[in-house]
Each structure stands twice: as structure tokens, then as C-alpha cells.
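For reference, the structure is listed below as C-alpha cells.
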Amino acid sequence: MSIHNDELYQQVILEHNKKPRNFMKLEPCSHEAEGYNPLCGDHLTVYLQVSAEGVIGDVSFLGDGCAISKASASMMTAGLKGKTVDEAKVLFDEFRRLVTKELDPEKDIHHLGKLTVFSGIWKYPSRVKCAILAWHTMKGAIDHAKVVSTE
Amino acid sequence: MLFDVKRVRDDFPNLQARGRDEKPIVYFDNAATTFKPCQVSSSTQDHYCHRTANIHRGVHYLSEQATADYEATREKARRFLNARSLSEIVFTKGATESINLVAACWGRTFLKSGDEVLLSEMEHHSNIVPWQLIREATGCVIKVVPINDQGEIILEEYKGLLSSRTKIVSMVHVSNSLGTVNPVSDMIKLAHTAGALFLLDAAQGVSHEPVDVQALDVDFLVFSGHKLFGPTGVGVLYGKESILETMPPYQGGGDMILSVTFDKTIFNRLPLKFEAGTPNIAGIIGMGAAIDYVRGLGWADMIAYKKELLDYGIRALTAVEGLRMIGTARNKAPIFSFVLENIHAHDIGTLIDREGVAIRTGHHCTQPVMKHFGIPATSRASLAFYNTKEEIDIFVRALGNVIKIFH
């Protein structure tokens, strides 16, 4: 038995889990929403500061959850800073398709960059919602939903 | 005579299943559902392949044969629980439906506003929500007996909460998330002294130790076939005949009636009054085979072997760095719930699944227990008599690897 060179728990994911980026409440912020995964108990809040021109000036999150949900949230916040709301929605859609294997990062056009580390997660259907929780919550915040659930 | 686990394992081909990356399976999720011995699958298959017919109303040979097979399980369940009469064994979809049946038929009839239903903090959601639904309908009050930090019911609190207002106590025999074995015999006596009925949720209990409903003098007892090495979708409600007689039917339909006109319907005798519609016949027959199988193993040897697994597991897990056991009752089944420092249960579950080890992670349908311990989830390894110390070693090594990955 050996420790796997794991396609899911890669170093970058473990590292973001240990030291999540933008892990704080954003004050003031223009948008926020709470995401909840009742099955796992993953629970987080995403905060966004969006300018009048629709640019995400700052984004952060706080919450508890598994390594996958925490790393995904951390990497999402790092990836969204400076993007427009429309670009964020495109990324949301690409990420959603990535984790459900609808998007092949090798073949299809995308803007995911480092976020492709989550590409192996489709093999673990029960964990897909951990990876996508922060993204649904971010989308909910932009669409002015208060509470988002991935169930 | 020693328990021959090697021989027993041969009856469970599912133990040879391969997991992710073709790893041999270590199945430690028996509190969720158990594997089924060949004897169970061959009995259901025999019904489907050679003996299919509907039960109770046919005059033809196959129907009479299917009825006999189906009713044979009732006699097996009666003997298994040492019930007085076959009228006291009602077949249901499982423990959940059995509790819902009691809550709906007994609760709606006999509970009045202000009457108290006494539960414990360690109940499964299936022994909480049915009573909440009845609370809406009747105005009864739900009281909850707290547990201590070992995961044991605090008996002093239990005694204090019992009163003349208590109409029923509905509690678990063996906790699915903590492994605690409750002192149910004493608890039932105390309930009766207070004038309350007692429903025992034996979903985990019936595979742990022999249960004698007459010795316990319990009023209702429920269990599921699939946690007793039988098929899913079938279970038993035991109820004292004198109480079942006073309860209205659960559902209307065929089989639960003697005669129907548009003016008046006469309900069938017990227990068929509570068995409307064509049941899961093959499943019930399979549950009979499961009961035969468990009885054939011999309780004393099986209990001694499971105690060995329990002690071995506790020793092995206690040595794991940063592991906190949730549920350390003095009387315990081999169910190990635990948390690892700074590692979420779901990450543990996914990572050890890679080594072929199947455990359950989450709240195990006992959110009040999670709240008591201030945690969102635990990892839970639940063992059956076909598990081995070698499997515990594989499991503990896999946990060690998880810790290495995270630190």
C-alpha cells in the first residue's frame, strides 16, 4: 500500500486547504451569499465587491468544509479577482462542465487555468458538489440569492 | 467452540468485491447496510425463478406455496424475537416505516395535547421526525433525554423526565452513530413504572445480541431486514397484541380487509390489518432466510468474536495520532465513530476508499449527536461478524496514510 500520486488530492489542493487565500469577511461588500451542503455539512459564505462597471474588485470567503470545498473556494477567489461579472459567469459554467466531465480541459476551449486540477473529480460523484459549492454560492451572490444549496 | 470467521466469509461473496482501482474491499459500513449471505439471495431467487405467485388469496398451488413461504418468515421472526403470537409480527418496509406506523396509528389515536413523547439525544432521524409529524397533529410534547460525553444516555435525567404525562418512550437499542448499547431492560421497566409504553428501535440491536420481547416486556420493537443480512425494503414491527388491537389500520387496500362495501368495510384480523397491498414477498422470504442464518451462527460465539473485534479496534484506533473517538460507552457494539484533527470526514472517506476501505462519513442521520459533540460529521467504521482483525489493520494503515497526505 502506498500513498497515491493522487489526481484528486494534489499538492495545490492540499496547500490551498491548509492556507486558504482570501479567507476573511469582506467589508464592505456589494454581494454576498451563503452556501450549504446539508449532506456533508460544508458551509461557506462568499463575499464580492463589484464595481459599477461590473468588475469584481475583491472577493473572499469564510466557512467550514472538507479539503475539496475549501481549496475550491480558495482557488475560485484567487481566479476571480479583476474579472468582470460576465467573465465570472463564463468561468462558473466552464468549471461546472469540467467537474461533470462535460468539458475536456485538453481539447475544449476554456479559461480555467489552474482550476483544471479539479478535472479528476468526476470519478468521485459524491464529491462533485463539494468542489462546486463555492461556485454556486458565488453565482448566487451575483444573482442576489441569499442561501444556496447544492443538494 | 470458536467463531469460524473464515467459513462464515465464504457465505458472503460480496466480501470478494473489488473497490476503486481493483483494491480488495474492506467493508466497514455495516451499520448502513449489511452484506447478504448466499442463503438469502438464493431464497429470493428461488421465489422469483420457481415459486412466484401472489399471496393470501389464490386457490392455486403456486399461490398457496408462496403464502406458506411468506408466512414462514412470520413464524421465524416470532421465534427470533420470542413473541407470544404471530398476530404480533407485522411486516413493513423497514424500521422507519414501523416507527411511522406506530406514530400514525397509535400516536394519532391516543396522544392528546400536552401528552409527552420521550426520545433520547442519540436517536436516528427516523425516530425523531415521525413523532414531530404527530406533534403537529396532536399537540403532544417531545422531551429529549440528554447523553453524556461518552455517548451514554444519562439515566438520572431519564428518570427525572419520566412522569405521568409521559405516554410513550421511543428509544434506540444500539446507537448507529456511537455504538452505544443502551440498558434497555431497565429503561423499559422505568417507563412502565411511570405508566408509559416503550418502543425499542432495534435496527442495529437485533444483529448485536438476542432480543426477547417477552423478557423485556417491550410494547413495540422495530427492525429492518437489510441490517440483519437480509434484503432491503422489508422489516418488522412487533407490537403487543392487546395494543395492536386498539390501533386503527395504517393504510387501506387489499389484504387488510375482510369485506368491503361502499357503506362499510370490515378490517382484517391482526397482523394483516396493517399489511395493505401486495408486499415485497421475495424480500420477506429473504428476511426469513437471513433470520435462519443469524440463528444458525450461534449467538455466544458471535458475540465473543465481535467483542474481540471491538477491543482490537479500540486499541488500534487509540494509537492513531490526532484521532478522537466519538462514542466511548462502556457497553458498545463494534461501531467506531471518530474525527481526525484538521481533516474533514469526507476527505478521510474518499482517501481510504482508494485503499478499498468502505466507511460512512457524515452525520449518520443523527444530527443531534453531532451537535452534542460540536462537530459537523464523523467518520464511522461499523463492523459485522464477517469482518476481521486483518481488515482493521488495513483500515488503520489507510488512516495513517491520510494523515501523512495532510501533514
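With the condition kept exactly as written, say whether any residue in the stretch B:149-169 is of a type in the set (A, V, I, L, M), free of Cβ contacts under 8 Å to residues at least 60 places away in the same chain, under 26 Å from residue B:303 (Cα atoms) and not in a loop (DSSP other than H, G, I, E, B).
yes
Residues are listed down the side, and each one gets a yes or a no for (1) of a type in the set (Val, Ile, Thr); (2) assigned by TED's automatic domain parsing to the domain that holds residue B:93; (3) surrounded by fewer than 22 Cβ atoms within 10 Å (Cβ to Cβ); (4) more than 29 Å from residue B:178 (Cα to Cα):
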residue: B:256; (1), (2), (3), (4): no, yes, yes, yes
residue: B:276; (1), (2), (3), (4): no, yes, yes, yes
residue: B:285; (1), (2), (3), (4): yes, yes, no, yes
residue: B:312; (1), (2), (3), (4): no, no, yes, no
residue: B:339; (1), (2), (3), (4): yes, no, yes, no
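Quick check on the stretch B:10-24. Is at least one of its residues buried (at least 19 other Cβ atoms within 10 Å of the Cβ) and among the aromatic types (Phe, Trp, Tyr)?
Yes, the stretch B:10-24 has at least one match.
In the stretch B:236-256, which residues are more than 25 Å from residue B:167 (Cα to Cα) and either of a type in the set (D, E, K, R) or within 21 Å of the chain's Cα centre (by Cα) (or both)?
First, the residues of the stretch B:236-256 that are more than 25 Å from residue B:167 (Cα to Cα): B:252-256.
B:255, the sole residue that qualifies.
From the list B:79, B:74, B:7, which one is within 30 Å of residue B:354 (Cα to Cα), of a type in the set (D, E, K, R) and not in a loop (DSSP other than H, G, I, E, B)?
B:7
Kindly indicate whether any position in the stretch B:140-147 is crowded, with 21+ Cβ neighbours inside 10 Å and closer than 23 Å to residue B:239 by Cα. Talk me through it step by step, then tell me what you get.
First, the residues of the stretch B:140-147 that are crowded, with 21+ Cβ neighbours inside 10 Å: B:140, B:145, B:147.
Still in the list and also closer than 23 Å to residue B:239 by Cα: B:140.
Within the stretch B:140-147, one or more residues are crowded, with 21+ Cβ neighbours inside 10 Å and closer than 23 Å to residue B:239 by Cα.
Would you kindly identify the helices (runs of 4 or more DSSP H) lying entirely within the stretch B:299-407 that contain at least 3 residues that are within 14 Å of another protein chain (Cβ to nearest Cβ)?
By residue number, B:345-353, B:367-373, B:389-406.
If you take the residues in the stretch B:214-225 that are over 16 Å from residue B:124 (Cα atoms) and crowded, with 24+ Cβ neighbours inside 10 Å, which one is nearest to the chain's Cα centre (by Cα)?
Across the stretch B:214-225, the extreme among qualifying residues is B:225.
Output the qualifying pairs, or none if there are none: Cβ atoms under 9 angstrom, residues six or more apart or on different chains, first residue in the stretch A:7-29 and more than 13 Å from chain B (Cβ to nearest Cβ) and more than 20 Å from residue A:46 (Cα to Cα), second residue among the basic types (Lys, Arg) and assigned to a helix (DSSP H, G or I).
Final answer for the pair search is A:12/A:114.
Looking only at residues that are without any contact (Cβ under 8 Å) to a residue 24 or more places away in the chain and farther than 20 Å from residue A:9 by Cβ in the stretch B:320-367, which one is farthest from the chain's Cα centre (by Cα)?
B:324
Assess whether residue B:355 counts as being surrounded by fewer than 22 Cβ atoms within 10 Å (Cβ to Cβ), farther than 25 Å from residue B:3 by Cβ and not basic (Lys, Arg).
no
Output the qualifying pairs, or none if there are none: Cβ atoms under 8 angstrom, residues six or more apart or on different chains, first residue in the stretch A:115-143 and within 12 Å of chain B (Cβ to nearest Cβ) and in contact (Cβ under 8 Å) with a residue 60 or more places away in the chain, second residue assigned to a helix (DSSP H, G or I) and surrounded by fewer than 22 Cβ atoms within 10 Å (Cβ to Cβ).
A:121/A:128
The values are calculated or read from the model by the stated rules, or taken from the named source; none is laboratory data. This one's a predicted model, so the numbers in the text were calculated from it and none came from an experiment. Cβ coordinates were reconstructed from backbone atoms using ideal geometry, including for glycine residues, and neighbour counts include every protein chain displayed.
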